[in-house]
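Below is one structure, written out as structure tokens; comments come after it.
The values are calculated or read from the model by the stated rules, or taken from the named source; none is laboratory data. Every value quoted in this text rests on a predicted model; they were computed, and no experiment measured them. Note that we place each Cβ from the backbone using ideal geometry, even for glycine, and neighbour counts take in every protein chain shown. Surface accessibility is based on the protein's heavy atoms, side chains included, excluding ligands, DNA and RNA. Shrake-Rupley method; radii C 1.70, N 1.55, O 1.52, S 1.80 Å.
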Number of protein chains: 2
Amino acid sequence: MTLTTSHRATAAAAAPVLPSSGALRPLGIEEVAITGGFWGARQRVNRRATLAHIGTWLEREGWIRNFELAVAGGLPEGRRGREFSDSEVYKYLEALAWEIGRAPDDELERVFRDVVSVVGAAQEPDGYLNTRFGRPGQGPRWSDLEWGHELYCLGHLFQAAVARARTKPGADDGLLEIATRAADLVCEVFGEDGIPSMCGHAEIETGLVELGRVTGEPRYIAQAKLFVDRHGTGVLADIEFGRSYFQDDIPIREADVLRGHAVRANYLSSGALDVAVETADGELSSALVRQWDNTVARRTYITGGQGAHHQDEAFGADFELPPDRAYSETCAGIASVQFSWRLLLERGEAKYADLIERTLYNVVATSPSSAGTAFYYANTLHQRTPGEVADPDAPSARAESSLRAPWFEVSCCPPNVARTLASLAAYVATVDEEGLQIHQYAPATISTTVAGHDVALHVETDYPAAGDIRVTVDAAADAEWTLSLRVPSWAVGAALEVRSADGGVQTLAAEPGYATVRRAFSAGDVVTLRLPVAPRLTRPDARIDAIRGAVAVERGPEVLALESVDLPAGIGVDVVAIDPDAPLREEDGRVVARLAIRRPVDLPWPFGDPEVADDEQIVDVPLIPYHEWAERGPSTMRIWIPERRAGA
Amino acid sequence: MTLTTSHRATAAAAAPVLPSSGALRPLGIEEVAITGGFWGARQRVNRRATLAHIGTWLEREGWIRNFELAVAGGLPEGRRGREFSDSEVYKYLEALAWEIGRAPDDELERVFRDVVSVVGAAQEPDGYLNTRFGRPGQGPRWSDLEWGHELYCLGHLFQAAVARARTKPGADDGLLEIATRAADLVCEVFGEDGIPSMCGHAEIETGLVELGRVTGEPRYIAQAKLFVDRHGTGVLADIEFGRSYFQDDIPIREADVLRGHAVRANYLSSGALDVAVETADGELSSALVRQWDNTVARRTYITGGQGAHHQDEAFGADFELPPDRAYSETCAGIASVQFSWRLLLERGEAKYADLIERTLYNVVATSPSSAGTAFYYANTLHQRTPGEVADPDAPSARAESSLRAPWFEVSCCPPNVARTLASLAAYVATVDEEGLQIHQYAPATISTTVAGHDVALHVETDYPAAGDIRVTVDAAADAEWTLSLRVPSWAVGAALEVRSADGGVQTLAAEPGYATVRRAFSAGDVVTLRLPVAPRLTRPDARIDAIRGAVAVERGPEVLALESVDLPAGIGVDVVAIDPDAPLREEDGRVVARLAIRRPVDLPWPFGDPEVADDEQIVDVPLIPYHEWAERGPSTMRIWIPERRAGA
């Protein structure tokens, strides 16, 4: 089913996105806490290891020091890092703000204030803030809108300020003032009568809308609308990759599908939907829905990853989804979650939460190592040659086949993962006038207000290891309301069991969409959703040429992968085939597949009518969740496994 | 069979490569003339249209004028073009030299001398010649060996000078002197006691050896050896693409396969083999044979194209050969022909001539339009969306899906095609002490000396339209000698008919390799090779994932393609399947395939167990030679066609 009732937001919540209207109202991290499980463990690693790791590398690479140099007159000579390095500092601030909001900590608070103070000191009297432009010896302000990233950096500054304002309203650190001074300057410089252009990397659009929501300043939202509407009018220069690279090829209301740089495309879509919601622009919203639909149907990897091209980090054509050259940038996955989340809040349709779940498990969770101190920038679906161990002491130049690296010369992904994990509880549940919806499953506590009544729940689950999600009502309104639990599209055969505090039990079939229970709940009532998480074989659309004749194995929301370390010694993932008729087993918490090793005959020319040797060996091999791969040293890996066919 | 006898070169020939020893001695364009047919037509277009086209664009883009500005003190302000634009002028000179050598022409000679004079005036007193470095306001000489291309440009200058010296020995234009002055400087600056580095783009290695062969100057060959041996020792900086990009990752004697930038890799291999031959370095030669073998077996497209990556124009991993992201740069195809030709001369094995033929028909012939005034830079094997018509008045920024463009911001390919077509007759035939070998088939006259005796032949053929190649002896030595005709590896079932002037006829089976006739030929003897050119289905090695479950159709040396303009209106190449059991017909000179149109059902998510609709329609569609595609407006195209399977 689709959730179609609407709300008008009343309370401010500590959530990353707070639309003023929409089908669903997000709950903030003061209302939802993840208490354990898959995501709880990742939040702990993020707080305990990743944040310090990021801080260390930001210092080490000089990206925080750039702000200090700006004050001390040490720019441009001493400046280090790429043109967008300021933005990594802002994403770090945002991650810190969410973490402090989740659980206050003196040390985190001190670090946060120190960095804000360094950043603020570098702001110029008129509000301009960027360490790369505008000083003697540097390019003039706004002189390179295609590649300069000045407005992009400010967008991340605004998001950090918004996160802080929502998690610690009234804090005296000054970040919100820094942001509004910069936003005021942007409105002055790029307004109706200003420079009629925009940034080559979208991001400021959503930042401005959110800052407008926090401050109540309508100019920020008007400015975001101007930026959104300038896309596709050819205001930026044509470049080698074409104007589609920065979505300046087609007006956003006319486009049918996302194209160009995948991070830019999703950030722009997020900002455009924010504008559509705040300006009640149904045409714009519908255009974005259409683009989301076509992008998901034709340009998205099974992992939820987006962006097929290495060259320009861009979407390919429809059905151009090569697994071995999947770019699937971590940041594109995060940006896609942001776009889908906004659509979910506006429309209330389960498909948006489905893609969020898929992307969280298979892109966002894949990037960081289990220790939280190394990251994938690109997330290939097929590793042909064993990757090299990254230098722990040097930023990666983004070598394609390396294992996870501690840092990158372009290091957008680590702080983006950190801010996402830190705020993840805000993506778990929403409310509308009828009730409460749970979209993502994790052990959690939820405490909010439904139609004026206080409601408290807790969720227990081993998901995704197991498929049962048990929701216990701890405090309930003395009135009817609806509890909605998302049933993922793959969960055919799901069931909902409602066990009343008084002992009555009712079991219902639960179709993909939202399974709902409407009643006057009592404390002690338990609703259990049973999702079938047995492993399943998945085949691709016939138009995805690159994976024709191959199957993937999925289990619940997780895409599984075959890693060579699980194969007999000396066998790579290039010589195996799977019998699609052989059952998949589960053993010791692992899915085990039966594979044939069928080594092709090496010929001097690989085209003709090559023979394939008969099965050399039949082996039972564990498949692992894709997000766990590359934790055991250099290996080859594939998600799509060729089908073994008679005679082929 | 393999031709194993060797020669010591005695006479200078007007040929692009003149090794001092090897299995075969090349014949120059004064000994072999292509008189018509497929390649004769292309040589005419090249002479009549392409050369003037290139000259016009070189003027228009300012790349010749850069040399004039150098003299007039107008650099660096007025300089236009990329850092390697000088090299396009040199390749143009080389093409002109071959054309003048093929058939003298006052206008071509005037143009040639004018350009040489402009170039020569820009040379500095010590021999340095480059319009991009070394003057006030420019980077110092040799200050950017990774990307500066100074030595690369000089390599092309040397090849132009060599072509001129061989086609017009003793000409007083001064080009050879310009080249030797520059080469002397290179030996001084980069010699044993000089800068211990090399150029990021190989090319000067083969240029130096060839200049050494022409001038007899051993220092040039010694310098080439130094450059070859410095590869793989990490003398260049590490870059985003890794040192493999410019073959500075592994010493050339230790490498097993070509890797990195495909043009660089093949030019380097060519130069290294030149060094190996001149220094009798069997270890180096064997290493190159091994690399050629592995590259052809695992990293080469069915077209002969090389280079799978757009991002770094580089080879992918073994079996990473995506048709829809094939880069297959025209220049990489030409460079591969140069490498294979040198191995053929050294080793006399038919496999090298096989790859040359495949690459000439399917890469080199694909790049230029039939009119000779537009070119492909990259040669994709699968076009998913109709390309855009290129602007006839602006150089292309190398848009990926454009139709052929008149010129490029990086315009290495057009003049490279021009010099290759102009010198093509030199790749047709060779001699050794036992006789004469014909490697490539075209209507031609051949007149040379075999073991001290004058021999004259002419070749008549409609190849590749028809498979008969008729060789008539016009003048023969009064001694036994061997005529060898290459039988391509695909030509299983070929036959050789020997018809004596006196009426006797003998027919022999001809196995792939070389079919030979040894006798004391008489004038009027006719040897006819009958190659079976019926269309054939070709399947890929199972490890080439991107084309699993698809077949290609080949006919003789030509790879065929399906272009959407030949399908019913509104049908693209994404929804067709071929029945591999249905016979391929030939009709009006076209191969006709029977295809099923099977439109997949559009689903909101393309992974699961998607249905494919039943055959909507069975259509008979002509396939075209790949090199003819994109001559009829925007279209989609594919070489690899999915197989229609029961239930799939």
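Side notes on the structure shown:
- Residue check, A:Gln311 away from chain B (no Cβ under 14 Å) and open to solvent by 10 Å² or more (accessible area, probe 1.4 Å): no
- Qualifying residue in region A:253-276 (condition: under 23 Å from A:Gly212 (Cβ atoms), more than 12 Å from chain B (Cβ to nearest Cβ) and surrounded by fewer than 22 Cβ atoms within 10 Å (Cβ to Cβ)): yes
- Within region B:337-349, the set of residues being within 14 Å of another protein chain (Cβ to nearest Cβ) and crowded, with 24+ Cβ neighbours inside 10 Å comprises B:Ser340, B:Leu343.
- For region B:186-215, a residue qualifies if it is closer than 22 Å to B:Val115 by Cα and open to solvent by 10 Å² or more (accessible area, probe 1.4 Å), and exactly one does: B:Val214.
- Residue satisfying condition, being out of contact with any Asp or Glu (no Cβ under 7 Å at 6 or more places or on another chain), open to solvent by less than 20 Å² (accessible area, probe 1.4 Å) and away from every other protein chain (no Cβ under 14 Å), within set B:Leu623, B:Leu562, B:Leu584: B:Leu623
- Of all residues in region B:587-616, those being within 11 Å of chain A (Cβ to nearest Cβ) and among the hydrophobic types (A, V, I, L, M, F, W, C) number 6.
- The residues on offer are A:Val17, A:Val32, A:Val71, A:Val89, and the sole one that is surrounded by fewer than 21 Cβ atoms within 10 Å (Cβ to Cβ) and either at pLDDT below 95 or of a type in the set (Val, Ile, Thr) (or both) is A:Val71.
- Residue check, A:Val363 more than 23 Å from A:Gly28 (Cα to Cα), open to solvent by less than 20 Å² (accessible area, probe 1.4 Å), touching a Ser or Thr at 6+ places or on another chain (Cβ under 7 Å) and not in a loop (DSSP other than H, G, I, E, B): yes
- Yes/no for A:Ala255 being hydrophobic (A, V, I, L, M, F, W, C) and farther than 24 Å from A:Gly127 by Cβ: yes
- Within region A:377-399, restricting attention to residues that are away from every other protein chain (no Cβ under 14 Å) and open to solvent by 20 Å² or more (accessible area, probe 1.4 Å), the residue that is farthest from the chain's Cα centre (by Cα) is A:Asp393.
- Checked against the criterion of being over 12 Å from B:Ile641 (Cβ atoms), away from chain A (no Cβ under 14 Å), within 36 Å of the chain's Cα centre (by Cα) and among the small types (Gly, Ala, Ser), region B:571-580 has no qualifying residue.
- Region B:221-233 - residue that is part of a loop (DSSP other than H, G, I, E, B) and open to solvent by less than 30 Å² (accessible area, probe 1.4 Å) and, of those, farthest from B:Val209 (Cα to Cα): B:Gly232
- Scanning region B:400-419 for residues that are open to solvent by 10 Å² or more (accessible area, probe 1.4 Å) and of a type in the set (Val, Ile, Thr) returns a single hit, B:Val410.
- Residue match in region B:531-551 (condition: within 14 Å of another protein chain (Cβ to nearest Cβ), part of a loop (DSSP other than H, G, I, E, B) and open to solvent by less than 10 Å² (accessible area, probe 1.4 Å)): yes
- Count of region A:473-517 residues, restricted to those that are in a loop (DSSP other than H, G, I, E, B) and among the polar types (S, T, N, Q), is 2.
- Only one of A:Asp432, A:Asp393 that is among the charged types (D, E, K, R) and modelled with pLDDT of 95 or more: A:Asp432
- Hey, B:Pro218 more than 25 Å from B:Ser20 (Cα to Cα) and modelled with pLDDT of 95 or more or not: no
- One residue stands out among those in region A:429-442 that are part of a loop (DSSP other than H, G, I, E, B) and out of contact with any helix residue (DSSP H, G or I) (no Cβ under 9 Å at 6 or more places or on another chain): the one that is surrounded by the fewest Cβ atoms within 10 Å (Cβ to Cβ), which is A:Glu433.
- Checklist (1) open to solvent by 10 Å² or more (accessible area, probe 1.4 Å); (2) out of contact with any Phe, Trp or Tyr (no Cβ under 9 Å at 6 or more places or on another chain) applied to A:Ser244, failing item: (2)
- Residue within region B:176-184 that is part of a loop (DSSP other than H, G, I, E, B) and under 23 Å from B:Ile29 (Cα atoms) present: no
- One residue stands out among those in region A:286-301 that are without any contact (Cβ under 8 Å) to a residue 40 or more places away in the chain and open to solvent by 30 Å² or more (accessible area, probe 1.4 Å): the one that is nearest to the other protein chains (Cβ to nearest Cβ), which is A:Asp293.
- Every condition in (1) away from chain B (no Cβ under 14 Å); (2) within 30 Å of the chain's Cα centre (by Cα); (3) modelled with pLDDT of 95 or more holds for A:Gly513 except the one numbered (1).
- Qualifying residue in region A:119-130 (condition: outside any helix (DSSP H, G or I), out of contact with any Asp or Glu (no Cβ under 6 Å at 6 or more places or on another chain) and without any contact (Cβ under 8 Å) to a residue 40 or more places away in the chain): yes
- B:Ala224 over 26 Å from the mean Cα position of the chain (by Cα) and either over 30 Å from A:His310 (Cα atoms) or in contact (Cβ under 8 Å) with a residue 24 or more places away in the chain (or both): no
- In region B:495-523, the residues that are small (Gly, Ala, Ser) and exposed (fewer than 14 other Cβ atoms within 10 Å of the Cβ): B:Gly503, B:Gly504, B:Ala509, B:Ala520, B:Ser522, B:Ala523
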